[in-house]
Structure formats: C-alpha cells, structure tokens
Amino acid sequence: MDISQTGDLWWKNAVFYCLDVETFRDGNGDGTGDFRGLTDRIDYLAGLGVTCLWLMPFYPTANRDDGYDILDYYAVDPRYGSLGDFVEFLRTARDRGIRVIADLVVNHTSAEHPWFQASRSDKSSPFRDWYVWREAIPEEASQSLVFPDKETSNWELDKETGEYYLHRFYKHQPDLNIANPDVRDEILKIIGFWLELGLSGFRVDAVPFLLETEGIAQAMELDPHDWLRNLRSFLGRRRGDALLMGEVNLEYEAVREFYGDSGGDELHMCLNFNLNQALALALVREDAGALVHNLRAMPGLPMDGAWANFIRNHDEWSLDKLTEAERQEVFTAFGPKPNMQLFGRGLRRRLPTMLDGDQARLRMAYSLMFALPGAPVLFYGEEIGMAENLAIEGRMSVRSPMQWSDRKNGGFSEAASDALCRPLIRSKKWGPSAINVRDQERDGDSLLIWMEQLIRHRREMPEIAFGQWSLLPIADPAVLAMSYEWGERRSLVIHNLNSSEKQITFQMGSRPDKTSFVDRLGEGEIDVRGDGTIALHLDGYGYRWLGLL
C-alpha cells in the first residue's frame, strides 16, 4: 500500500455526503436551514465518518430552481447567513477532518442576474456576448429538451431586444457563451475566489452542456475539452489537491472523454450514472446480471481518476440509459403511480420507500454501493432511511427537511410549521416521529449505527479505491462477488441480491486456509476445501466483506 496515494489522491477513498444548506438544519429559527445550523451538526457528520461534504448551491438566487438559478457567484444567499458564517463553517469542518466541495453552476445564470439584465438591455453592452443571442432560431437547433414537461424549445424570444437567447434548461436560466474568452476568464475568477476561502474543489454541474457549442454562432478559438484542461490546470495551480467532480450523464465511452487523455488532465471524478441505473435494474430483478454487464463495460480511468458511486442523488433517479422495457420494469416495481415518476425517464422516490422499508434489502443495497469500484456518495438522510415527500413538486420531492428528532418540526427548526422552507414528511411510518437521528443514535441495531460501521470498514479497505478489481465466477445469477487487489492487500465483497438463502462456492488463484479470512462485515462460516474451493453461506439479501491475510 502506497500511503502517499491515499493522502494525495484523497477523493479516491473519500466518503462524500451531499446536502442542501436550506434543508439541513435551521440555526436561527426562521424556518430555513443555514450555515449556523450546518456548523452545529459538523460533529454528527464527523461521527458518521464523512470525509467530504458536497454543498448544493448556496449563492444568492432567484430561487426558481432551488438555487441553480444564480444571481451572484461571489456571495452567500442571505437566508443562509454571511460569508463570515460560511468561513466559520469551513474552519469547523476542516478542524474535524472534513473537506468541502460545492456546486459550480456556470453553464447558465438566472435571467435576473445583472450580467443578463445588461446583456438584454443594450445590444452594444459589453455583456451582450456573455450570452448566446440569435435573430432567428437556428435551423439546426437541437430538439432535445432537458425538462420536456416545462419547456417546448431551447430558444426564447426576448421582447426587449427582439432576439432569441439560448437556454438548454429552463427559460429563466439563459446559457452563458462559453466561446467568449471573457466568460471563461470569469469562471476562473469564481473558482479562484472560493478556493481562497477554503473549498477543496467543485462538483461541476451539467458538464456536457457547459462544453456544448451548438447554437453559438461565433467560433471558439480552442477545443472545449482543451478549455476544460485549462480549467483543471488553473485549479491545480491555485490548490494542488483540489477536486473536479463532474455531472456527466452519458454513455461510458463519452464519459471517459471528460477525464481527458491517458494523462488524465480534465475531470478527476465523474458521477457514475450508468452503474447507478444498472443497480436499479439489478435490485428490481434481484439478479446481478445488469451490474456484471455494466462493470465489464466500464472503461479504464487515468491513475488520478475515480468514479463517484451513488444510490440516490438530489435530482430524479434517472433511468434514461435503460431500454424502454427495462425502464418500465423499474417503474412497475419502484414507482407504479404516475406521481412517482418524472419526465418519463426517472423516479421521484428514495430507496427506503421503493423497498417498502425492508431493512435487510436496504442494507444490502448500500453495502453493495459502497463495495463497487469508486468512492461512495450519500445524499443527506440516506443514513437514517429518510423517505421522499411526494407533496413537494418535481425533483424537489427528495429534498425535504432533515429529520433530527421526534420533536417540533423534526428538530429541523424552531419556527412555526407554516414558516418552514419546505414541508416535512407527515406520514406516521416515514415522518420524524418514526425516522430520526436522535432515536437511531440510541439504537444499536439502527440503520444509522450500521451505516457508521459500513463507512468505517470501507475506509479501512483502500484497495476498493486504488486496487484492481475482478469478478469471481459464481454460478448463481443473484450473487455478485468481487475481488480487489492492491499491493499486498486483497479483499472479497460478496452480495446476494435475492431474498432466498444461498450456499455459494468459488475458486481463487491461491489456496488460502480458513484462518486467512478476516470478517469485516457480515456473518457466517467459511469452508475452505482441500481442492481450494471456498464455500460460504449467505442469508437472503446477505453480504460479506472479507479481508485476506
């Protein structure tokens, strides 16, 4: 084991935790989460084992897209506190050994941003070319819509100027003109500003759209990927260990391009949407086949590169990479009602409700996600089994207030319930009275305590992050068994996706004896036979994490 790699390439063995400041903890009693409240909960996150926080947008916003429509890239939304509160939060997180990254949303701004207001007010304004304007919608304009339920075109007529502006997302989010060098320079200033305040990097929003030049009339003097390389180089000069994690929901070979060439000089990480969707199908079928196929298709990465694996993110659970038949199969099992689905391609639910609260199946799913090649990403509340709130519109259904206790407003805020930034889950089964941090901290068998153990064991097995992986030949299609090797370290992680008990056997290259195995997670006897065959028992939805001496 090269200890220098585990420190320098920290993101490869990190445990990420994504949260929205607005819905995590209210520190001043006004009904909205803030940095004071988040700072107060840093010790909880440190105790859980989180090593890097990923913050959703906290900048001033028109608040028509939960903060992704930004008004000012150099400030904190006053609802969440001041820059001073932000710096105090960063200092506290750093003291507890937690890095912080934030969303970098620079493919578009809010239509209310001063840049766009200047751009639309006068065609001779220096900000006019910061956005993409055309006198008429281009004939070759893309017909692909990100939000087909809300938009009918990627071009919007601006009545003030009589011209159309490009918006690949909502019409109130005009696209910045990446071909304009002044825009590219401004993005570097934004990055430099937050790095100086102490961020450890960024999760880059919608990277393919950021680099897309379709619809831009002016020629870009360099390839968009070369510009991404320049951005990575700037980041490294300002802070050598800073991270760029990309949102790139494309097919594997296209995703691989965003890591850069063999030198790996673009993104450090990408969220693994392909594996996430295969996981959904595998859970529905209780069959590992979709995961096996997907893992075999996964491209190799540069030495510094890594995948970011997740079960639930802050948007819909996108199933766009599945076939129509596969997608309907997942819808039938996990979201049969229309109000559980979104855009015809995704789910508005969290995993505990999709699994009907089955704790064995839920724990197996998270154990499996943590055992896949890459670094695990948790979305706030997953560690206690929080549900979605379908009463909240669209993708926001999974962004209800964090459930801290069974007290008023789930311990999220002391404000009146009608003053909360977002409604709490009211269900007796899934609301704060049944699912909360305080109760689970006192229960040794709770999901929270189990998740703490899972995180600790994952951190103690850096071979999953840095080593070479292979699939062990298991005859039963419900069982996924993987081997990791890194120097002298070797481990096995085995998962049963089925509700039935399994007795499995497999061969290894060497012939270890029974004492060679160290149980890290899971229980049961291990039988090493004379011919080198290993046999072990798995409960329904069982799992084993085994280290080899």
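The values are calculated or read from the model by the stated rules, or taken from the named source; none is laboratory data. Note that this is a predicted model, so its numbers are computed, not measured. Don't worry about glycine lacking a Cβ; one is built from the backbone with ideal geometry, like all the others, and counts go over all protein chains shown. In case anyone asks, the SASA skips ligands and DNA or RNA and just uses the protein heavy atoms, side chains included. Shrake-Rupley method; radii C 1.70, N 1.55, O 1.52, S 1.80 Å.
General observations
- Extension gain from ASP261 to LYS189, taking 0.36 nm per residue of separation minus the Cα-Cα distance: 23.3 nm
- Only protein atoms count toward the accessible area here, which uses a 1.4 Å probe; on the stretch 346-477, the carbon and sulfur part of that area reaches 45 percent.
- Taking every protein chain into account, the accessible area of the stretch 39-139 amounts to 38 square angstrom per residue (probe 1.4 Å).
- 3J(HN,Hα) along the stretch 424-432, derived from phi through the Karplus expression 6.51 cos²θ - 1.76 cosθ + 1.60 where θ = phi - 60°, amounts to 6, 6, 9, 4, 5, 7, 10, x, x Hz, with x in place of Gly and Pro.
- Taking the 1.4 Å solvent-accessible surface of the stretch 61-100 as the whole, the part contributed by carbon and sulfur is 47%.
- As a rough guide to protection, the peptides 345-351, 66-72, 94-100, 436-442 ranked by mean Cβ packing within 10 Å, highest first, stand as 345-351, 66-72, 436-442, 94-100.
- Each of ALA282, THR23, SER516 was scored by the projection of its Cα onto the charge dipole of the chain, and the greatest displacement toward the positive side belongs to SER516; charges sit on the C-beta of Lys, Arg, Asp and Glu.
- PHE209 contributes about 80 Å² of solvent-accessible surface, heavy atoms of the protein only, 1.4 Å probe.
- For MET220, solvent-accessible area (1.4 Å; no DNA, RNA or ligand), Å²: 40
- The accessible-area ordering, largest first, of the residues THR61, THR213 stands as THR213, THR61, per a 1.4 angstrom probe.
- Peptide ranges 250-258, 196-204 listed from the most packed, as the mean C-beta count within 10 angstrom indicates: 196-204, 250-258
- Accessible surface, the stretch 412-458, averaged per residue in Å² (probe 1.4 Å): 51
- Dipole magnitude (debye, nearest 20) for the stretch 274-342, charges at Cβ of Lys, Arg, Asp, Glu: 60
- The stretch 1-122: C-alpha gyration tensor shape, a/c 1.5 cut-off, then a/b vs b/c: oblate
- Taking the Cα centre of the chain as origin and assigning +1 to Lys and Arg Cβ atoms and -1 to Asp and Glu Cβ atoms, the resulting dipole is close to 1260 debye.
- Per-peptide average of other Cβ atoms within 10 Å, ordering 275-282, 308-315, 534-541 highest first: 275-282, 308-315, 534-541
- Calculated mean residue ellipticity, 222 nm, the chain: -8000 deg cm²/dmol, from DSSP H runs (n ≥ 4) at -39500 (n - 2.57) each, averaged per residue and rounded to 500.
- Within the accessible area of the stretch 210-272 (1.4 Å probe), percent carbon and sulfur: 44
- The heavy atoms of PHE466 offer some 20 square angstrom of accessible surface to a 1.4 angstrom probe.
- Backbone geometry of the stretch 197-211 corresponds, through the Karplus equation with coefficients 6.51, -1.76 and 1.60 at θ = phi - 60°, to 3J(HN,Hα) couplings of 7, x, 5, 9, x, 9, 9, 8, 6, 6, 4, x, 6, 4, 8 Hz, x marking Gly and Pro.
- Between MET482, ALA391, LEU211, the Cα set farthest toward the positive side of the dipole of the chain (charges on each charged residue's Cβ, about the Cα centre) is that of MET482.
- Accessible-area order (highest first, 1.4 angstrom probe) of the listed residues ARG285, ARG363: ARG285, ARG363
- Residue-wise HN-Hα couplings along the stretch 265-279, as the Karplus relation 6.51 cos²θ - 1.76 cosθ + 1.60 with θ = phi - 60° gives them from phi, are 10, 10, 6, 7, 9, 9, 5, 8, 5, 4, 5, 4, 6, 5, 4 Hz; Gly and Pro carry x.
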